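No value in this document is a laboratory result; all are computed from the given coordinates. Predicted model, so just to flag it, every value in this text is computed and none were measured. Here the Cβ is made from the backbone with ideal geometry for all residues, glycine too, and neighbour counts use every protein chain on show.
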Amino acid sequence: MHKPVQLKWLERLFVNYEGARVIHFWTMVAFATFVVPHVILVLADGWDTLRSMVTGWSYRVRGRHGRE
């Protein structure tokens, strides 16, 4: 984070620069805590899951995982 020059009002929204840094840090921790396990789960399930999340379609054949 850089010290604000043009967006001074945004710094004041978090009381001061240090307050903005604390909020930024804990928001990034929460985001990483959510994203990292989900990416691991997608990779554990296979590349087709990741591809289907990005493209919207899958190569999986119906019934392969016991579902018809």
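Some observations on this one:
- Gyration tensor (Cα) of region 1-57, equivalent ellipsoid semi-axes in angstrom: 37, 13, 7
- Label point distance in nm, Y17-M53, each placed 7 Å from Cα along Cα→Cβ: 3.7 nm
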